[in-house]
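> Quick one: the structure is below, and I'll ask about it shortly.
Laboratory data are not the source of any read-out in this text; all were calculated from the coordinates shown. Quantities reported herein were computed from a predicted structural model and do not represent experimental measurements. Quick reminder, even Gly has a Cβ in these numbers, built from the backbone with ideal geometry, and neighbours come from all protein chains shown.
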Number of protein chains: 2
Amino acid sequence: MATIYEVAALAGVSPATVSRVFNGNTVSPEKQRAVREAAAKLAFTPNKTARRLRKQSSEVVALLIPDIENPFFTALARGVEDKAQESGFSVVLCNTDDDPGKELRYLQIAASEQMAGVILAPASDEADLGAIASLGSPVVAVDRTTPYPVDAVKVDNRAAGIAATTALFDAGHRRIACIAGPVGIESTEDRFLGWRQVMTARRAAIPEGYLQHANFRADGGHAAMRHLLALPEPPEAVLTTNNLMGVGALQAVVEAGVDPARFGLAVVGELPFMFLTPPAVVQVRLPARHLGTTAATMLLERIGGDAQPPRTVVLRAELA
Amino acid sequence: MATIYEVAALAGVSPATVSRVFNGNTVSPEKQRAVREAAAKLAFTPNKTARRLRKQSSEVVALLIPDIENPFFTALARGVEDKAQESGFSVVLCNTDDDPGKELRYLQIAASEQMAGVILAPASDEADLGAIASLGSPVVAVDRTTPYPVDAVKVDNRAAGIAATTALFDAGHRRIACIAGPVGIESTEDRFLGWRQVMTARRAAIPEGYLQHANFRADGGHAAMRHLLALPEPPEAVLTTNNLMGVGALQAVVEAGVDPARFGLAVVGELPFMFLTPPAVVQVRLPARHLGTTAATMLLERIGGDAQPPRTVVLRAELA
DNA sequence: GAAGTCCAAGAAATCGATTTCGTCAAGGTC
DNA sequence: GACCTTGACGAAATCGATTTCTTGGACTTC
């Protein structure tokens, strides 16, 4: 790979002039032409590492998501990527496995790699943004917020929980349980608070054990559903606060010999490939890509110098 | 963020000594202790960009995949990531959208960012590895091969196509069509060659139009299936050469009012969430994660100095 | 003619970590 | 005692691109 010194020698100018041709304007047309020709002949590509070190910045942003195999997050990543690319930025996708230790490591890497900013679906309320914040790099929290004063984009999760639970009520169900994600995750809590709000408003009983916490994955939803079905007074319907747990719950229902068409299931998020889903399943569609593009837009504004106070944008989910 | 100069000043040594403490061995125990204490007090993290520029290498590898929303590739990515992390490497995941232009751009970025190597699911036979090859950085092709002399890991795709088609035959189907991916993709071609091989060996007719090419996605499979169903002599079964096209094909079958339980479908790859799948669907399970871990292992060996001639490892798919 | 201003462009410094080179001291061998 | 080897460690160079500083020439104004 050719260096700027080789281009300069071939063009008969100094390296500073080569740099000026590509980054600034005070070069005569004659020397500009010589430089561009030399660069083309040598297929010159600036060494991005050297640029990054000198400029203390780069055209790379990090996206930290908790589970690369969850279609919600891959759709969100697509949204981020599409928007970032429009502005000449690359996205480094980091999979935290919902593990705060992994998350911290990626945040440190983002800082020591001079990344232009970070979009973060936090693994917990304890995301440590110290390293990245001390550099003044912008951060946007997506889907879940963080105590740090940073921009955020999220879904109105309580409204999603309300809409899903209301739909189960409207379908005639009264004994409605809830399978939520791990304790301490904001989007989880808001969704089951929506469930509880509807149950309370409708004066429906919430028997002991009707709120189960699981691990966000199909196997967690499966285990929780089995637990619910083993209760003295099993539910006739269930809300799961994410899509993969909904799959696991439905699986447990089928395995227990319960007719899926008569069991009520509401899922926050989309079950993949809807036509294969029993007709009675309520799905609350999350705007995953829109979350991604919105987060990227906000981050790009910060990178571009936007200095207004941190804000939170709330997007609506909708019944599918 | 503290620099090595600040650590050196606090420890009362030169920056070269600080570097030696963390990278070499010729430092007295007394000075080692002073350096480590100073580094801890200042929360020193080496500036990775500076390291990378000086060393002309990094602990980052790139993984280029053609579709981040295809579960096959996200599982492959998980395999790569798990293996790379074991050895202290980070993975940069790049989504090429099966677009050779995007692929080329990412390859150039990998070169100008001094990445340690690239694992590449090529977007076409024309992947241009010139930039990365001129740096001597190792490349491993995964799932599909490339004309460049590099290591490769793939599935025995012809055997997968043979197994899938044979299973349809054994289920009693004789009019078996094939929906393949875009022309020119090696894995696609091997799979439909497997289909054709079985059809020929079993002396089954292949009417005009029984081989459809589609775009790898559910919508492509959907359109191709509709085309097949509109033939004068529609097939009673179909092989799709990837999972998403299988979903689209099944959707078209349902929409056409054909009973999915009586229509034969074989899919190379796993349909998501099997229990929702009509029981007659044949699935040939691809070892996606194993592809990933194998590719990463080979790349790490190359990074570590392995200089033997390029090799290709072929993994087997299996009937689910 | 002298002084001031502006522009183009080369030389040198900068970014932060690593490596190379040179020096000194200690120990061993002849 | 002289010479050689080894280890520790500081000073300087290196990586490649960008930015800052300085200089010279051209032009304008007084």
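> Using the structure shown, select from A:102/B:83; A:55/B:48; A:48/B:48; A:48/A:102 the pairs with a Cα to Cα distance greater than 19 angstrom.
Working: A:102/B:83 15 Å; A:55/B:48 14 Å; A:48/B:48 13 Å; A:48/A:102 26 Å.
Violating the 19 Å limit, Cα to Cα: A:48/A:102.
> Still on this structure, please answer the following. What average number of partner chain Cβ atoms lie no more than 10 Å from the Cβ of the residues making up B:111-118? All intermediate terms of the calculation are to be shown ahead of the outcome.
On the way: counts 4, 8, 8, 4, 1, 0, 0, 0.
Going residue by residue through B:111-118 and averaging, the value is 3.
> From the backbone phi of region A:303-319, what are the Karplus-calculated ³J(HN,Hα) couplings (6.51 cos²θ - 1.76 cosθ + 1.60, θ = phi - 60°) in whole Hz, Gly and Pro given as x?
After applying 6.51 cos²θ - 1.76 cosθ + 1.60, I find 4, x, x, 3, 10, 6, x, x, 9, 10, 9, 10, 9, 9, 8, 9, 5 Hz.
> Placing the label point 7 Å from Cα along the Cα-to-Cβ direction, what are the distances from residue B:88 to the equivalent spots in the other copies, shortest first, in nm to one decimal?
3.6
> If I take every Cα pair under 8 Å that is 6 or more residues apart in chain B, average their sequence separation and divide by the length, what percent do I get for the relative contact order?
Computed over chain B, the figure is 17 percent.
> Kirkwood hydrodynamic radius, computed over distinct alpha-carbon pairs, for region B:159-300: how many Å, to one decimal?
Working: mean 1/r = 0.0665 Å⁻¹.
Taking the inverse mean of 1/r over all distinct Cα pairs, region B:159-300 comes out at 15.0 Å.
> Highest first, please rank the peptides A:178-190, B:78-90, B:303-315 by the mean number of other Cβ atoms sitting within 10 Å of their residues.
With the highest mean Cβ count within 10 Å placed first, the list reads A:178-190, B:78-90, B:303-315.
> Using modelled amide H (1.01 Å from N, peptide plane; none on Pro or chain starts), what sits under 5 Å from the amide H of residue B:90, excluding residues fewer than 5 places away?
Sorted by chain and number, the residues that satisfy this are B:60, B:61.
> Convex hull over the alpha-carbon atoms of region B:18-80: what's its volume per residue in Å³? Let's see the in-between values first.
Details: hull volume 8.8 nm³, N = 63.
Residue-normalised Cα hull volume stands at 139 Å³.
> In a Debye calculation with equal point scatterers on the alpha-carbon sites of region A:197-280 and no solvent, what is log10 I(q)/I(0) at q = 0.14, 0.22, 0.24 Å⁻¹?
For region A:197-280, the Cα-only Debye profile gives -0.45, -1.09, -1.27.
> If you place +1 on the Cβ of every Lys and Arg, -1 on the Cβ of every Asp and Glu, and leave all else neutral, what size is the dipole of chain B about its Cα centre, to the nearest 20 Debye? Don't jump to the answer; show the numbers that get you there.
On the way: 31 positive and 34 negative charges, 186 e Å.
In total the dipole reaches around 900 debye.
> Can you pull a Stokes-Einstein diffusion coefficient for region B:121-189 at 25 °C (0.890 mPa s), Rh from Kirkwood over Cα pairs, as a whole number of µm²/s? All intermediate terms of the calculation are to be shown ahead of the outcome.
On the way: Rh = 14.2 Å.
Translational D for this selection: 173 µm²/s.
> Which cross-chain or sequence-distant (5 or more) residues have an amide H under 5 Å from the amide H of residue B:2, H modelled 1.01 Å from N in plane?
B:45
> Once phi is turned into ³J(HN,Hα) by the Karplus curve 6.51 cos²θ - 1.76 cosθ + 1.60 with θ = phi - 60°, what whole-Hz value does each residue of region B:150-157 show in order, with x for glycine and proline?
Taking θ as phi minus 60°, the curve returns 10, 4, 8, 10, 8, 9, 6, 6 Hz for region B:150-157.
> Also, quick follow-up: Kindly state, as a whole number, the per residue volume in cubic angstrom of the convex hull around the alpha carbon atoms of region A:231-274.
Taking only Cα atoms, region A:231-274 has a hull volume of 76 Å³ per residue.
> Also: Compute the distribution of all C-alpha to C-alpha distances in chain B, in bins of 10 Å from 0, and list the percent of pairs in each, rounded to whole numbers.
Bins of 10 Å from zero give 6, 24, 25, 18, 12, 7, 5, 3, 0 percent of pairs.
> Would you work out which of A:214, A:256, A:230 lies farthest towards the positive end of the dipole of region A:188-320? Charges go on Cβ: Lys and Arg +1, Asp and Glu -1.
Of the options given, the answer is A:214.
> Still on this structure: Is it possible to state the helix-based mean residue ellipticity at 222 nm for chain A, with each DSSP H run of 4+ residues giving -39500 (n - 2.57), the sum divided by total residues, to the nearest 500 deg cm²/dmol? What is it?
On the way: 12 runs with 143 residues, N = 320.
Result for chain A, helices only: -14000 deg cm²/dmol.
> For peptide B:90-97, what's the mean number of Cβ atoms from other chains within 10 Å of each residue's Cβ?
Numbers: counts 6, 4, 7, 8, 5, 8, 0, 3.
Taking the mean over all residues of the peptide, I get 5.
> Projecting each Cα onto the charge dipole of the protein assembly as shown (Lys/Arg +1, Asp/Glu -1 at the beta carbon, about the Cα centre), which of A:320, A:166, A:141 comes out farthest on the positive side?
A:141
> Take region B:100-225, compute every pairwise Cα distance, and split them into 5 Å bins from 0; I just need the percent in each bin.
Binned Cα distances yield the sequence 2, 10, 17, 18, 15, 11, 10, 8, 5, 3, 1, 0.
> Another question, then. Within a 10 angstrom radius of each residue's Cβ in B:42-52, how many Cβ atoms of other chains show up on average? Whole number is fine. Let's see the in-between values first.
On the way: counts 0, 4, 0, 5, 1, 7, 9, 14, 5, 3, 7.
Across B:42-52, the average partner-chain Cβ count within 10 Å equals 5.
> As an exercise, find the ratio Rg/Rh for region B:4-46 from alpha-carbon atoms, using the Kirkwood inverse-distance average for Rh. Could you put the intermediate results ahead of the total?
Numbers: Rg = 8.8 Å, Rh = 9.7 Å.
Rounded to two decimals, Rg/Rh equals 0.90.
> How long are the semi-axes of the equivalent ellipsoid of the protein assembly as shown, taking √(5λ) for every eigenvalue λ of the Cα gyration tensor, in whole Å from largest down? Let's see the in-between values first.
Numbers: eigenvalues 413, 247, 98 Å².
With the √(5λ) rule applied to the protein assembly as shown, the semi-axes are 45, 35, 22 Å.
> If you don't mind, another one. Post the alpha-carbon centroid distance, region A:190-220 to region B:155-208, in whole angstrom.
Between the Cα centres of region A:190-220 and region B:155-208 lies a distance of 48 Å.
> List every residue whose amide H lies under 5 Å from the amide H of residue B:142, counting only residues 5 or more places away in sequence or on a different chain, with H placed 1.01 Å from N in the peptide plane.
Residues meeting the criterion, in which the H sits 1.01 Å from N, are B:120, B:121, B:153.
> Also, quick follow-up: Only four residue types carry charge here, +1 at the Cβ of Lys and Arg and -1 at the Cβ of Asp and Glu. Report the dipole size of the protein assembly as shown about the Cα centre in Debye, rounded to the nearest 20.
Values: 62 positive and 68 negative charges, 239 e Å.
Its charge dipole is roughly 1140 debye.
> What are the nm distances, shortest first, from residue B:128 to its equivalents in the other copies, labels at 7 Å along Cα→Cβ?
Once sorted, the set of distances for residue B:128 reads 4.4 nm.
> Another question about this same structure. Could you work out the pair-distance distribution P(r) of region B:32-149 from its alpha-carbon pairs, with 5 angstrom bin width and percents rounded to whole numbers?
Bin by bin from 0 Å, the calculated values are 2, 11, 20, 20, 17, 11, 7, 5, 4, 3, 1, 0.
> Turning to a different aspect of this structure: How far, in nm to one decimal, is residue A:12 from itself in the other copies if the label point is set 7 angstrom along Cα toward Cβ? Shortest first, please.
Spacings between copies for this position, smallest first, are 5.9 nm.
> What FRET efficiency comes out for the pair residue A:201/residue A:261, r = Cβ-Cβ distance, R0 = 35 Å, nearest 0.05? It would help to have the intermediate numbers written out before the result.
Values: r = 27 Å, r/R0 = 0.79.
With a Förster radius of 35 Å, E is 0.80.
> Could you give each residue of region A:41-52 its phi-based ³J(HN,Hα) in whole Hz, using Karplus coefficients 6.51, -1.76, 1.60 with θ = phi - 60°, and x for Gly or Pro?
With the stated coefficients, region A:41-52 comes to 4, 9, 6, 5, 10, x, 6, 5, 5, 5, 4, 4 Hz.
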